[in-house]
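Here's the structure we're looking at; comments come further down.
The values are calculated or read from the model by the stated rules, or taken from the named source; none is laboratory data. Remember, predicted model here, so these are calculated numbers, not experimental data. With ideal geometry, Cβ positions are generated from the backbone for all residues, glycine too; neighbour counts draw on all protein chains shown.
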Amino acid sequence: MRLGLVFAGIGALAAARPRIPAATGWAVRRATRVPGLRRHVGRVLRWAGLLEAVLPTLVLIGAGYLFLWILGLDAAEVQLAEVVFRWTMAVVIGRQVLLGLTQRTSRGRPALIKARPATVALLRLTYGRLGVVLGVAAAGAEIGGRWLVGGRLRLLIDLALLLGVSAWGVWACLAWRLALADRLESLGGRWAGLAAAMRARRLWAIASPLAVTALAGRVVVKAAVRLVEERGLATYLRARELQRLARKTGKESSREAASASNRIPPAYLQHFPLYPILGNDEAAVVERETALAPMLEQIAGWRETRADGSLVLAGEKGLGKSTLCGLLRRRLAEQDVVFHPLTSKALDEKSLISQLAAALDASSAATVAELTAMLLAGPRRVVIVDEAHNSFLRTVGGHRGFDALVQLVNATSEHVFWILVFNRFSWQFLNASRRREHYFRRVLELPRWSAAELQELISLRNARSGFTVRFDELLLDDETESAARLELIEGADGFFRLLWESSRGNPRVATHLWLSALRRVDEKSLEVGLFRGPDPAAFGRLGPELWFALAAICQHENLNADELAETLNVGVDFAGYACQVLREYGLVEPKRADPQRLTLAPRFYNQVLDRLRAKHLLFEG
């Protein structure tokens, strides 16, 4: 039986080894189908070459240990063979790793380790000799420790191993002397003098370890710098330094005290609105395909199967929820799409139906049942209910409108595809307090914008404005100080990294900060400098009652004085006073569609959220 298993193992090994290249190719083809790896196909191929070089040895190791197990690892001679086999395979797999790192996978693609052919040959020879010495040394030390207890023989083995390693070190220093000298010369300075000495006399081979350390340190530093640049950390750190320098030189205070003649022209401001843009053809918007794609995919599936007919779109204020719905309407232009925002609170069934019925051509409906019947008898359509958070109020009996909306969606989702747009904080509170998430087939959390998306948005709007935007000298790169001012989008990486970090990926906040960083130069020119953060002094003047008022406005996204009084269970006089004080401090602002309703202002938006979280007043379930 054991003999049969041995032959079976040998047969499996012989069958597996020739198929390794084909298996590697299959893995590469699968990997290049992944969107994130498709752009790095060259790197994938080079790593595949390393895998192809190592896999045969791994198969051999597995077969070898299977063979030893069949023979019986409890036998002393098998244990001795296992020690020799283990260290031999360690040397072999190291050689295969080096081979995979230095060999080119194809004619047009370099190896993972780029080096001249002579250097690669010397590197392989060096490891070959080192591997033999270390393998013999490790195996001999283990065998001596397990089967030879003390004595002169053990001492002689240890001495021989030490001499072997020392001899290899001397040979390696001599063999690499000229190659290291050539590399050191490229560093210049004192390293060039050391390189000349190593090239002139063989005795200077003793400096080879120092040369290796210097060159390895340079490689590590370069790799770290490349990583920082690729991850955007360099522009972020430079932007932070620019901000510190601006405070030091007083540029911000001088900009704030600029005269009225230097203010931004209205013709430019009209291209940078702080309110939602509903996907108009003439508007400058960024079509976020990563957010639109799952919505379009679910709608297409619903049209075929009549299943999964509801979607919740949740996100913070200013992330572009309404604008995204406008873009969706434009994509579905040939289909029946109804877009209706709940501009005022619909806190019971009657007020909710009265708002929705008119938009859905069912003005005669007065109850959920009547509207349901009319929708099922009408055409199949997509209904987008924006500001669906206006269907509730955080008070006793304040969820009846939301419950009616859930009932309507649940009864008609096979015939009507519902998209309900919620403020993120409202949705989290509703889902935790009413547990209605399972009624909606999908919840799509709108992510924050990236620095590149913010830069694209401002670039599009700036191009539409017809104005020329130039950098303040403070923002000029050190290498281009003698040149003319840079164009906005070509040289603003550091600025936009700081803009993204300060706005936390919120385009509404980013737009406000962008406008605060501009000042007028002439009729069609603006200059961009560094924006300043809001003065937090107003926070120190807020009492607990006003913080509760801010938390309520944040959770509902918008409230008027009467609704704020009902939410906080306070008098209308105090609610009106709270609204007036918060407006004076600039923490809230009137809603564009209804000036009586207040919402968080972009200037203090992130700072207010931070303070509310610190005071545990913001529910985030």
Some residue of segment 116-138 being at pLDDT below 75, among the charged types (D, E, K, R) and on the phi < 0 side of the Ramachandran plot: yes
Residue match in segment 331-353 (condition: closer than 24 Å to Ser450 by Cα and at pLDDT below 90): yes
Residue match in segment 240-260 (condition: modelled with pLDDT of 85 or more and either under 22 Å from Trp514 (Cα atoms) or charged (D, E, K, R) (or both)): no
Residues (at pLDDT below 90 and out of contact with any strand residue (DSSP E or B) (no Cβ under 7 Å at 6 or more places or on another chain)) located in segment 411-440: Gln428, Phe429, Leu430, Asn431, Ala432, Ser433, Arg434, Arg435, Arg436, His438, Tyr439
Test: residue in segment 210-233 that is modelled with pLDDT under 65, surrounded by 17 or more Cβ atoms within 10 Å (Cβ to Cβ) and within 30 Å of Leu499 (Cβ to Cβ): yes
Which numbered condition Cys173 fails, given (1) at pLDDT 75 or above; (2) closer than 30 Å to Trp47 by Cα: (2)
Residues of segment 504-561 satisfying the condition of being in contact with a Ser or Thr (Cβ under 6 Å, 6 or more places away or on another chain) and of a type in the set (Gly, Ala, Ser): Ala510, Ser525, Ala552
Near pairs, Cβ below 8 angstrom, 6+ apart or cross-chain, from segment 120-143 (surrounded by fewer than 18 Cβ atoms within 10 Å (Cβ to Cβ)) to any residue that is hydrophobic (A, V, I, L, M, F, W, C) and not in a helix (DSSP H, G or I): Leu122/Trp176; Leu123/Ala115; Thr126/Trp176
Members of segment 375-399 that are part of a helix (DSSP H, G or I) and more than 20 Å from Trp302 (Cα to Cα): Ala388, His389, Asn390, Ser391
Qualifying residue in segment 406-415 (condition: under 30 Å from Ala565 (Cβ atoms), part of a helix (DSSP H, G or I) and hydrophobic (A, V, I, L, M, F, W, C)): yes
Hits in segment 572-609 - residues which are without any contact (Cβ under 8 Å) to a residue 24 or more places away in the chain, in a helix (DSSP H, G or I) and of a type in the set (Gly, Ala, Ser): Gly576
Filter pass, Glu557 being within 30 Å of Ser459 (Cα to Cα), in contact (Cβ under 8 Å) with a residue 24 or more places away in the chain and in the same structural domain as Glu589 (by TED's automatic domain parsing): yes
Number of positions in segment 608-617 that are under 25 Å from Thr511 (Cα atoms) and either among the aliphatic types (A, V, I, L, M) or surrounded by fewer than 16 Cβ atoms within 10 Å (Cβ to Cβ) (or both): 5
Any chance Ser426 is touching a Phe, Trp or Tyr at 6+ places or on another chain (Cβ under 8 Å), small (Gly, Ala, Ser) and crowded, with 17+ Cβ neighbours inside 10 Å: yes
Subset of segment 322-369 [loosely packed, with under 15 Cβ neighbours inside 10 Å and polar (S, T, N, Q)]: Gln335, Ser354, Ser363, Ser364, Thr367
Considering residues of segment 370-393 that are in contact with a Ser or Thr (Cβ under 8 Å, 6 or more places away or on another chain) and closer than 17 Å to Val312 by Cβ only, the residue surrounded by the fewest Cβ atoms within 10 Å (Cβ to Cβ): Asp386
Test: residue in segment 522-531 that is of a type outside the set (A, V, I, L, M), out of contact with any Phe, Trp or Tyr (no Cβ under 9 Å at 6 or more places or on another chain), under 23 Å from Arg603 (Cβ atoms) and surrounded by fewer than 22 Cβ atoms within 10 Å (Cβ to Cβ): no
Residue in segment 534-550 that is at pLDDT 90 or above, in a loop (DSSP other than H, G, I, E, B) and in the same structural domain as Leu600 (by TED's automatic domain parsing) present: no
Given (1) at pLDDT 90 or above; (2) assigned to a loop (DSSP other than H, G, I, E, B); (3) crowded, with 20+ Cβ neighbours inside 10 Å, index of the condition Trp449 fails: (1)
Ala314 over 38 Å from the mean Cα position of the chain (by Cα) and of a type in the set (Gly, Ala, Ser): no
